[in-house]
Every structure is written in structure tokens, then in C-alpha cells.
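A quick write-up on the structure given underneath.
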Amino acid sequence: MKNTFQDLMRAATRLTREGHLGDATRAIQRALSGAGPAAHDAPAQADGASSDDAQNATQNPTTRTTTRTTTRTSPSTTPHDPSMVLDGCVFEVAEPAPRSVSPEAARSEVAQAMMGEPAVISPADPSPARPRPAHQVPDGPTPIGEGDFRSGTHTHATLTRSYKLYVPPGAAGRALPLVVMLHGCTQDPDDFAAGTAMNERAREQGFFVLYPAQSQSANAQRCWNWFKHNHQQRGSGEPALIADMTRTLLEKHGIDPRRVYVAGLSAGGAMAAIMAAAYPDIFAAVGVHSGLPGGSATNLAEALGVMKSGTAGSGLGGRPGKATAAALQSSTVPTIVFHGDNDQTVHPRNGEQVIASAIAGATAARSAAGDASRPSARVEQGAVDQGRRYTRSTHVGDDGKPVAEHWLVHGAGHAWSGGHASGSYTDAKGPDATREMLRFFFEHPLDVRH
């Protein structure tokens with residue numbers, strides 16, 4: 001039995017490398033159900049057809065492995081497919097620079113993510129997007145220059161999650177803002193804080209930063225469960241837990257309730273979009289980096305499909321699912337999006353959909369207030385000195401306030417733009433997403449949103 005399971009998992013690894021996502025998914029499902037290998041996914045074979053719906057695997061969402069190609073080609077020539085399913089998880093794949101990882105190291109990294117086997121990573125790999133080991137930080141207050149980084153846990157209903165809270169210097173007695181940061185798959189609060197440098201900005205500008213931590217018991221790769229219907233609504237699942245955690249810390253630390261914001265990367269970005277739509281009374285603005293719009297998937301197969309295509313309800317193998325474009329959760333919360341146009345893990349069209357949902361929500365809110373105007377778009381081109389080019393589209397209401405801002409970073413993959421190499425999934429060559437999100441956030445206190 002054990003040998004059959006390992007054979008199936010190795011076959012799934014190979015099929016994924018060769019671009020046969022459908023056959024890889026079926027091999028994993030057979031392994032989990034205890035069935036034997038089919039002829040076409042036996043270790044010595046390589047070919048296969050598209051998969052059926054994988055929604056019944058289990059119900060954990062996006063995670064990421066550590067290798068991928070930087071271009072898309074036909075299945076016969078693509079060394080690594082950008083996503084796959086294992087134990088009910090969608091595996092997201094980071095994007096190293098070309099030539100940085102040998103085929104042997106790439107295969108080893110995939111094996112590590114899939115089966116827990118040791119990975120061999122070339123020390124010459126310069127990729128800013130390659131995941132690094134999670135930071136080991138002792139419990140309790142940890143000094144970071146001035147201010148401290150505190151650990152805690154929070155329980156709401158049946159869910160309990162740990163968190164880290166950065167408290168800036170001189171916070172006592174001051175009603176400061178709060179930014180809630182939702183990490184991506186395989187990350188943790190320390191890693192996410194290091195990569196985004198959000199605590200450094202908080203120390204400089206004077207605001208709190210809350211990093212809720214997803215648990216491995218809730219998701220094997222610590223992904224927020226963004227695509228499950230019971231984690232997409234107000235008062236339910238992880239959104240309810242994060243909202244209650246936020247409210248509790250607001251009261252405990254005397255945080256300014258008018259200046260509370262939420263941002264996230266990848267699966268965390270998708271959850272941030274859900275939080276904004278579900279709790280516009282808490283969050284004054286939202287930042288979605290390399291994420292997806294709320295309601296874009298209702299099961300595992302749709303999650304895979306929308307990640308690859310950017311089209312809501314596109315299931316695994318192109319089969320339609322329950323989610324549709326009409327199901328996208330529009331939000332009245334001002335929204336800023338960062339997305340790389342070379343993101344092979346979460347299609348850039350998802351960023352466009354997040355912006356479209358924000359514009360739709362803002363338009364509907366204005367219409368309900370008797371204002372029939374739609375936001376107007378202003379587009380500008382720019383470039384980072386010795387870095388990446390970008391297109392910035394700002395959608396402004398007739399009151400002159402931006403309701404949505406979209407940064408498309410040219411040539412960037414699935415990584416935090418302008419991030420620091422001490423954290424995982426970062427791209428130092430891009431515009432500084434942390435600074436730009438903060439600028440956008442602080443332009444939007446809660447009570448002057450419209």
C-alpha cells in the first residue's frame with residue numbers, strides 16, 4: 001500500500017512537471033483513496049488527458065511550491081505547470097529568474113513540497129521569489145528597533161488562530177491607525193513582515209500592524225481558505241475570526257476605528273478582498289497583491305481554474321463551475337491592487353476583476369445616494385530606477401477621490417512588489433507596494449469614503 005501511494009505521488013510530480021495537470025490530479029486522488037495506479041500515470045509513463053472536476057478531494061485551498069518556468073508553452077514542452085492539487089490543496093508556484101534553478105534542483109523542490117522529501121537548492125539561485133525558511137522568533141515581545149512585535153492568540157466561535165502585532169514606539173495613549181496583513185501560502189507573520197517591511201514603515205509613520213496566522217491544522221500549507229463558501233461571508237468562518245480579532249485589538253489598544261485597513265498577498269490577497277466586501281464597517285480601504293476577487297471560486301476545481309484563467313467559475317479542465325462573474329463580491333471599500341503581468345500562478349486578469357468589482361461597488365453606492373456618475377480613469381506609465389516598468393490606473397469619483405488604483409507591474413511574477421529579500425515571494429525590482437498601499441490607505445479614513 002505504501003509503495004503504491006509513493007508511486008502515485010511520484011507519478012503526479014512527473015505529470016505536473018510535464019504539464020499534465022489533469023492526470024496529476026487523478027493520480028493524487030487515487031493515492032488518497034487507496035486505489036492503484038492507472039496505466040497512464042504509472043511511473044514509467046508520461047502522457048495523459050485533461051482532468052475531471054477535483055472538487056471532492058478535500059477542502060483546503062491555495063499553497064505554493066518553489067519552482068516554475070517563466071514562460072508558458074504547450075504541455076509537451078512546459079517543464080512545470082503553475083499549479084496542482086495535493087491533499088485538497090491548490091499548490092501555487094513561485095517564479096524564479098530564468099536559468100536560476102537546474103532541472104535536478106527543480107524536481108527536488110517539487111518533491112519536497114509534495115512529499116516532504118529534502119530539497120536541494122542551488123546556492124547560486126538569485127531568485128527574489130524563491131521561498132525561504134520561516135523565521136524562528138521566540139514567543140513574547142521581540143524588539144524591532146523601537147516598538148515591539150508581540151505574539152498572541154484569538155478565539156472566535158470554534159476557530160482559534162495565533163497572531164503577531166507590531167506596536168510602534170510611543171503608541172500608548174494615541175489613537176493610531178491599524179493595518180491588517182494577511183500572509184500568503186507557506187508564509188507566516190514573521191516572514192511576511194520581513195518581506196513587506198511593513199513594520200519598518202509602521203515605526204516611521206506610527207501605526208499598528210496585525211498579522212493573523214493561518215494554522216496548519218486549518219490548511220496544510222497555511223493558506224487562507226478563500227475559495228470555500230463558508231469562508232467568504234460576513235459572520236462565518238475565517239472572515240468572522242479575523243474581524244473579531246481586529247475589533248478586539250482595536251478596543252484593547254485604543255486604535256483609531258476610522259483608520260483600519262487590510263491587505264494581503266495571493267491567498268491572503270483573496271481573503272483581504274473578502275474581508276473588505278464583508279466588513280465595510282471595519283475596513284476603510286483594502287490592498288490586494290497578486291490575489292483574486294471574492295466569490296471567484298466556490299470549490300477546489302474552480303480555484304484552480306480561476307487562478308489559471310482569471311475567469312470566475314472556470315473549473316479544472318475548463319469545465320464550468322458554480323461561481324460566475326455575477327457572483328464576484330463587489331465592495332464599496334476603496335481598493336488598491338498590485339499584480340505582475342508575468343504572474344504564472346494567479347492570472348493577472350484576477351487583479352483586473354478585483355478593480356472592476358471595486359468600481360461596480362462604488363458606482364452602485366453613489367447611485368443609491370442619487371449620484372449617477374461613474375469613476376473616471378487616469379492612466380500613467382512609470383518605471384523604477386534600474387527596475388521594472390509599471391502602468392498605474394487610477395479611478396476617480398466626481399469628488400476627486402480615488403475609489404480604485406491598479407498597478408500592473410511589467411515583467412513581474414508572483415511576488416510582493418518592492419519587497420525585501422529577507423522574506424519569501426518578494427521582487428525588489430518593482431515599485432514599492434508597501435509604501436503605495438499606505439499612501440492610498442491613509443487617504444481614505446472610514447467616514448469620508450463616499
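The values are calculated or read from the model by the stated rules, or taken from the named source; none is laboratory data. These numbers come from a predicted model, not from an experiment. Virtual Cβ from ideal backbone geometry, glycine too; neighbours counted across all protein chains shown. SASA here: full protein model, heavy atoms, side chains in, ligands and nucleic acids out. Shrake-Rupley method; radii C 1.70, N 1.55, O 1.52, S 1.80 Å.
What does the highest-first list of 399-407, 195-203, 256-264 look like by mean Cβ count within 10 Å?
By packing density, highest mean first, the sequence is 256-264, 195-203, 399-407.
Could you give me the ³J(HN,Hα) list for the range 252-262, computed from phi with Karplus coefficients 6.51, -1.76, 1.60 and θ = phi - 60°, whole Hz, x at Gly and Pro?
5, 10, x, 6, 5, x, 7, 10, 10, 10, 9
So which trypsin sites (Lys or Arg not before Pro) in the range 412-450 end up in coil per DSSP with only 14 or fewer other C-beta atoms within 10 Å?
none
Any idea how far apart residue 236 and residue 367 come out in nm if each label point goes 7 Å out from Cα toward Cβ?
Output for this residue pair reads 2.5 nm.
At residue 393 and residue 244, where each label point lies 7 Å from the Cα along Cα→Cβ, what is the point-to-point distance in nanometres?
3.9
Ignoring ligands, DNA and RNA, what percent of the 1.4 Å accessible area of the range 391-450 is carbon and sulfur?
55
Provide the FRET efficiency to the nearest 0.05 for the residue 378-residue 447 pair, computing r from the beta carbons and using R0 = 22 Å.
So, using R0 = 22 Å, E works out to roughly 0.30.
Report ³J(HN,Hα) in whole Hz for each residue of the range 411-422, in order, from the Karplus equation J = 6.51 cos²θ - 1.76 cosθ + 1.60 where θ = phi - 60°; Gly and Pro get x.
x, 8, x, 8, 7, 5, 5, x, x, 9, 5, 6
Would you calculate the separation in nanometres between label points at residue 429 and residue 385, each defined as 7 Å from the Cα along the Cα-to-beta-carbon direction?
Once both label points are built, they end up 1.8 nm from each other.
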